[in-house]
Structures are given as structure tokens and as C-alpha cells.
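*Asks:* For reference, the structure I am asking about is given below.
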Amino acid sequence: MSSTVLTDLGLGTLPVFIDENGRIQLIDQRKLPETVEYFDATLFDDMLVAIETMVVRGAPSIGVAAGFSLAWEAARLAQVETDKNAFLKQLIAQGDKLKATRPTAVNLAWAVDLIIDRAKMAMGNNPDITTTQIADYLKIEAQQVMNHHISVNRSLSDIGAQFFKKNARALTHCNAGSLATCGWGTALGVIRSAHAFGLEPEVYVDETRPRHQGARLTMWELKEDGIPSTLVCESMAGHLMADGKVDLVITGADRIAMNGDTANKIGTYNLAVLAKYHKIPFYIAAPLSTVDAALKNGKGIPIEHRHESEVLMMSDRTITVDGARAYNPAFDVTPAKLITAIITEAGALRPDYKKSIAEAMKTALK
Ligand code: MRU
């Protein structure tokens with residue numbers, strides 16, 4: 001597919017979509033903001049590479065991409081496998097490969113499990129169903145996963161806007177916008193809603209070393225929307241807060257434990273500690289699909305470690321001495337006690353998170 005100009009995109013850009021030929025397309029987020037290019041991830045193995053190398057990234061978006069990929073893989077399997085139990089076994093094995101691509105973002109496992117559950121449900125409800133009919137049904141369910149995200153993004157964002165006073169100055173980290181979520185965004189969605197409600201927010205955007213999602217993606221989305229934004233290096237956060245320039249911090253999440261401990265992009269924990277010290281509210285915005293119902297607390301959250309070249313190099317050039325080693329955990333965990341509220345589609349959850357999250361989860365899509 002040919003590239004297009006940035007202004008053709010704008011608010012609500014979908015990072016994952018099915019084109020007119022029924023192929024799975026991704027906006028190649030590695031190339032933004034210089035160019036808007038598309039990556040064809042119709043083949044299952046190409047999707048594995050796309051998620052691993054962050055062509056598509058952001059917890060909800062990789063969940064949506066994985067949902068489509070598994071449904072399309074079901075269609076391929078159905079052409080060669082008519083035995084339903086064998087078909088399901090192979091589908092589960094492929095789902096496990098998807099889950100392994102990025103271990104921290106639970107939305108990925110959530111979407112894979114949902115598609116597998118729907119396949120089991122279809123087989124249970126109709127003993128005569130064929131593998132082709134199951135695959136057709138799974139394509140509809142994958143689209144529902146995306147529709148669900150688009151809808152809950154907007155609900156939680158409108159709920160979160162209550163935390164913005166007129167002209168509030170928000171600090172955000174990484175990218176939790178349309179590109180990361182398929183829709184309005186989560187943390188960036190809340191900022192968008194505040195803007196749409198006429199509250200005129202201003203945003204400080206952490207550049208987000210080492211992959212620069214803030215500098216490349218959040219700055220791009222905010223520019224498209226005409227929301228005033230200023231790029232800062234992570235190391236400037238303390239100075240900004242001490243100077244009284246930050247009214248609130250808001251970020252997305254990759255996995256939330258049942259006690260509220262939250263994994264998000266590396267550097268989020270630093271911001272939460274600084275915000276506590278400066279008595280600035282610290283908010284997490286995320287759909288309930290980011291809550292891991294199986295995890296009591298953040299200790300069990302698997303932290304993805306990525307290749308050291310991401311730290312050693314910038315724009316394909318080394319930034320350090322020959323032979324240097326680097327440490328590259330992609331996420332950290334912010335303890336619940338540093339979080340002022342967790343903004344979800346079921347409302348803004350407050351401490352005691354054990355209670356408020358358990359209550360909200362009763363309404364979550366399963
Ligand atoms: O490594 P990434 O770019 O996939 O990390 C993304 C983040 O940490 C986001 O803040 C998180 O997924 C929330 S997106 C709504």
C-alpha cells in the first residue's frame with residue numbers, strides 16, 4: 001500500500017485495520033513521524049515479527065492486532081484441518097506464540113484468550129459447526145475486540161477529563177494515544193477529552209528513552225489535534241515539578257494487578273515517586289482489559305527485557321564506547337500507593353484498589 005501524508009490521518013487514526021482486500025494492515029509505528037507507511041501483517045509469522053519489533057505497539061493495539069491475526073490464522077488452518085479438536089489445538093499453539101511476543105502487556109493475552117474462548121464456545125453451542133464456520137465467526141469476534149476498545153477508550157477518557165481544571169498542565173509518558181489503543185486513546189484520550197470539553201489542557205511530553213514513543217508518536221498525535229505540547233527529556237521531570245509547572249501526571253498501563261500495582265513504560269515509576277514528593281496527583285488511564293485478574297500484586301508482572309542495542313544506539317548510530325553493555329527493561333511497576341486514581345470505563349477507581357478493582361471487574365468483558 002502506498003504511503004500517505006500525515007494530514008490524511010489525524011484524530012482517531014487506527015493503527016490496525018483490514019483493507020479492501022481483506023488483508024491485515026498496520027501503520028508502521030517505527031517510521032513515524034517521518035513517514036506514514038503500512039506493514040502487511042496478514043501472514044501469521046509477519047504479525048509475530050510486527051509485534052516483536054514494535055511496528056504495532058501499545059497494550060490495547062497489540063491485543064487488537066493479535067485478535068485479528070489469530071482469527072485470520074484460524075481461516076488458514078480451516079482450509080487444511082476439518083477435525084475440530086485438532087484445529088483448536090493448533091489454534092491454541094499459535095495463540096501461545098502471539099502471547100510470547102511481548103510478555104508484559106496483558107491485553108495481548110486477554111485478546112488471544114478471548115478468541116480461543118469464542119472458538120470453544122462456538123464448538124460447544126453447535127456440534128455440527130465446521131472449522132470454516134468457526135473461523136468466519138472468529139473474524140467477527142476479532143472485529144468486536146477492536147470495536148470494544150474504540151468504545152471503552154472514549155468512555156474512560158470522558159470520565160478522566162474530570163481531573164482537568166481549566167488550562168491544566170499535564171505531564172505524560174510514552175504514547176497512550178490512538179496509535180497505542182485503536183481509538184481515542186487512554187492517557188492521551190483523557191487529554192483529548194479535556195481538550196474537546198474546552199478545558200484547554202497543555203501537555204509536557206516525556207521523550208521516553210530508548211524508543212522515543214513520546215517524542216515521535218505522542219508529539220505527532222498532539223500536533224495533529226492542535227493540543228499545545230512541549231517535549232521534555234525524562235530527566236527534566238523533577239525540575240518541572242519543583243518549578244510548579246505540572247498540575248497532574250497521567251499515563252497508560254500495560255498490566256494492572258488486582259491491588260492496583262501497575263506496569264507501564266520504563267520511567268513511569270520515577271514519575272510517580274516524583275509526583276508523590278511534590279504532592280501532584282498521579283493518574284493511570286486504562287481499560288479493564290489491562291487488569292490481570294490472576295495477579296494479586298505487581299510482583300508477578302513479567303517485565304520484558306529488550307535488546308541492548310536500543311539503548312546503545314540512536315537513529316542507527318552508536319552513542320557510546322565500543323563494547324559497551326546496556327540494560328534495557330521495557331517496563332517498570334508503580335506501586336498502588338503512589339497512584340491517585342485508576343481511570344477505567346467503569347469509572348475512576350480510588351484506593352482501596354483491592355475493593356474498587358474487584359467491583360469494577362464484575363462489569364468487564366470476558
Ligand atoms: O513498548 P510500548 O510502546 O508498547 O509501550 C507502551 C506503553 O507503555 C503504553 O503506555 C501502554 O501500552 C499503555 S497504551 C494505552
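The values are calculated or read from the model by the stated rules, or taken from the named source; none is laboratory data. Nothing here was measured: the structure is a model prediction, and the numbers come from that model. Cβ atoms come from the backbone with ideal geometry, glycine included; neighbour counts cover every protein chain shown. When the accessible area is computed, the model is the full protein with side chains, heavy atoms only, and any ligands, DNA or RNA have been set aside. Shrake-Rupley method; radii C 1.70, N 1.55, O 1.52, S 1.80 Å.
*Asks:* For ASN153, what charge total do you get from the other residues with a beta carbon under 15 Å from its beta carbon, if Lys and Arg give +1 and Asp and Glu give -1?
*Replies:* Residues close to ASN153 contribute a combined charge of -2.
*Asks:* Right, here's the next one. Order 196-203, 59-66, 210-217 from most to least packed using the mean count of other Cβ atoms within 10 Å.
*Replies:* Numbers: 196-203: 16.4, 59-66: 30.0, 210-217: 22.5.
For the peptides 196-203, 59-66, 210-217, the packing ranking is 59-66, 210-217, 196-203.
*Asks:* Same structure again: Treating the Cα atoms of the stretch 41-85 as identical point scatterers in vacuum, please give the log10 of the normalised Debye intensity I(q)/I(0) at q = 0.26, 0.31 Å⁻¹, two decimals.
*Replies:* With no solvent term, the Cα-only Debye profile gives -0.86, -1.07.
*Asks:* Okay, moving on. Assuming a viscosity of 0.692 mPa s and a temperature of 37 °C, what translational diffusion coefficient in µm² per second does Stokes-Einstein assign to the stretch 16-151, Rh being the Kirkwood radius over Cα pairs?
*Replies:* Details: Rh = 14.9 Å.
Calculated translational D: 221 µm²/s.
*Asks:* For the stretch 155-365, would you read off the P(r) tail past 29 Å as a percentage of all alpha carbon pairs?
*Replies:* Beyond 29 Å sits 22 percent of the P(r) for the stretch 155-365.
*Asks:* Sum up the charges of everything whose Cβ sits under 15 Å from the Cβ of ILE191, counting Lys and Arg as +1 and Asp and Glu as -1, but leave ILE191 out.
*Replies:* -2
*Asks:* Taking a cut-off of 21 Å, what percent of all Cα-Cα pairs in the stretch 88-236 are separated by more than that?
*Replies:* Everything past 21 Å amounts to 55 percent.
*Asks:* Oh, and also: Would you list the P(r) distribution for the stretch 302-366, with all Cα-Cα distances sorted into 10 Å bins from 0 and each bin expressed as a whole %?
*Replies:* Pair shares across the bins are 18, 27, 20, 19, 15, 1.
*Asks:* Using a 1.4 angstrom probe on heavy atoms only, work out the carbon and sulfur share of the accessible area of the chain in %.
*Replies:* Carbon plus sulfur share of accessible area: 53 percent.
*Asks:* Continuing with this model, one more query. Lys and Arg at +1, Asp and Glu at -1: add these up for the other residues within a Cβ distance under 12 Å of ASN270 and post the number.
*Replies:* With Lys, Arg at +1 and Asp, Glu at -1, the neighbours total 0.
*Asks:* Shifting gears a bit: Below 29 Å, Cα to Cα, which lysines can LYS276 reach? Residues fewer than 8 away in the same chain don't count.
*Replies:* Counting by Cα, and skipping residues close in sequence, LYS276 has these lysines nearby: LYS165, LYS166, LYS245, LYS265, LYS296, LYS299, LYS337, LYS354, LYS355.
*Asks:* Could I have the simple spin-label model distance between LYS223 and THR130, label points 7 Å from Cα toward Cβ, reported in nm to one decimal?
*Replies:* The modelled label-to-label distance comes out at 5.1 nm.
*Asks:* Before rounding to the nearest 500, sum -39500 (n - 2.57) across all DSSP H runs of length at least 4 in the chain and divide by the residue total; then give [θ] at 222 nm in deg cm²/dmol. Walk me through the numbers before you get to the answer.
*Replies:* Numbers: 12 runs with 149 residues, N = 366.
The helix contribution divided over the chain gives -13000 deg cm²/dmol.
*Asks:* If you don't mind, another one. Lysines near LYS139 by alpha-carbon distance under 25 Å, same-chain residues fewer than 8 away left out - which ones?
*Replies:* Within the straight-line cut-off, LYS139 pairs with LYS84, LYS89, LYS97, LYS99, LYS120, LYS366.
*Asks:* Any idea of the accessible area per residue across the chain, 1.4 Å probe, to the nearest Å²?
*Replies:* Details: 15530 Å² over 366 residues.
Result: 42 Å² per residue.
*Asks:* Could you tell me, in Å, what Rg and Dmax come out for the Cα atoms of the chain?
*Replies:* In order Rg, Dmax, the Cα atoms of the chain give 20.2, 68 Å.
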